[in-house]
Each structure stands twice: as structure tokens, then as C-alpha cells.
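Readers should treat all values here as calculations from the given coordinates under stated rules, not as data from a laboratory. Model, not experiment: these values are computed from the prediction. All Cβ positions, even for glycine, are placed from backbone atoms using ideal geometry, and neighbour counts span all protein chains on display.
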Amino acid sequence: MLVEIITQDMKPNCWHDRAMVYGIDIATIAALMGDTARANILSALMDGRARTASELAYCAGVSAPTTSSHLAKLTDAELLVVQAQGRCRYYRLASPTVGQALEALTLVASETPRRHRRPGPRDEAMRLARTCYDHLAGKLGVAVTNALIERDYLKPAGQQFRLTPNGATFLAKIGVDLEPRRSRRAFCRSCLDWSERRPHAGGALGAAIAARFFELRWIERLPDVRTVLITDLGYDKLWELFGINFANECKATLQQK
């Protein structure tokens, strides 16, 4: 009886302590991401590419010593990883999970009033076609996902997409790697697009599709931004294979930059 009473008395405290620990962890990560300079650093790495401290200092708009301090904090918190190559040290996001968290924050931020500036042509270009860490997002990412669903190649399954046998055959024909690149990563996650308000395909499969599009030169990276450029060949293949036709709209938007 005494043991039971002690156990019952301890349960609320245990749950309270656990909640306190989670709260501290969330607050710590939120504080790291919430600093303007660090947010700029993290956003600059959302295209999946690695950058040097000097490049990130430019993106953050702060001095080199200040950038080094920010990078140390982000690395210690395992939000970034650093890789040495010769004399250079390159920083990148530590995992797709960090990218997902940043994309979720972008979704929340997009629903709040813009106090500093009005959206410009670059914002519209990003809404049309961009990378979400390592997979396609914006109108392009959503359109490709919808095309795969309409053709019964992908099936929504809660917070995931399930690849059908016909879908596997189709993607294999265009050379998409169907093996998950990370064993612990979701194969095809449903990622809510902050600009389209509809899901696009993420996870290992989404990353593999984006990688193949780049390899085939259907899309090209633009320097220093997450926006991607759809090539003339890409417009043709998107229409031929996916039934996607917004070439004129995309070209008009990008020409405004």
C-alpha cells in the first residue's frame, strides 16, 4: 500500500518534470532559430547545398566573427553539420528534419502580416518552383505530386504517400532511384507547401525525384537562392510525362527578376 501511495504521488511530478524537459528543449531550439542572423543562415541552407562561413556571413548580413559565433551555436545544437575540405569548412543542415522544421516555420510566417516589405518578383519565382531542403516545392512540387496521384502512381496515406506498383514502374523508367537513401527517413512524406497550401512529396522519394530532375537538366539551380529554373527541355518533359503546362506563367515570372 505504501509503495502504491508513493508511486501515485510521484506520477504528477514525473510528468511535470518530463514536460519541463521538453519545454526547455523546444525553447532552446526556438531561441536558436529565432535570432534574425541565424534564421538567415538556416534559410540560406534550405536549398540543400553546403556553404562556407564567408558565404553565410553575407547571407546573414553580419560580420565574420559574429557569423562564427552563430555557426558554433548551431553546430553545437546539431542543427548544422560542418565538413572540412582542404582549408575550407562547409556547413549544411544536419538532417531533413531540420529542413522540415524550417519549412513549417515558413508556413506560419507566411500567414502573418509582412511588416518589412511587400512580396517582389523573387518571391513569386520562389512560389512557382523551389527546393524544400532536397525535394521540390512550390507550384512545381505540388503539380508533380498531383500528377502522380491523378495517374494512380501515388496514393495519400495519412501523413505519407504510398508508391503504387505502376508508380514504381513509371519512376524507374525515367531513372528515379527508388531505394530510400537513409534507412530512418520516411520514404515519401506528405509535406504541406507553405505557398500552395497543398501537400507535395517529400522524404527520400521526393528527394530522389528532385535529384533526377536536376540530373536530366529539366531544372537548374539559381545561385544563392532556393528558386529553381525550369529549362526548355523541362517544360517539354513536364508536359509530355506529367501533363503539367505552366511554361508561359513561369517564364513571365522569372523574366521579371
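Odds and ends about this structure:
- Extension gain (nm, one decimal) between residue 240 and residue 66, 0.36 nm per residue minus Cα-Cα: 57.7 nm
- Most to least packed among 142-149, 236-243 [average Cβ atoms within 10 Å]: 142-149, 236-243
- Cα-projected label distance for residue 104 with residue 172, points at 7 Å along beta-carbon direction, nm: 3.5 nm
- Sorting the segments 91-100, 214-223 by their residues' average number of neighbouring beta-carbon atoms within 10 angstrom, most packed first, yields 91-100, 214-223.
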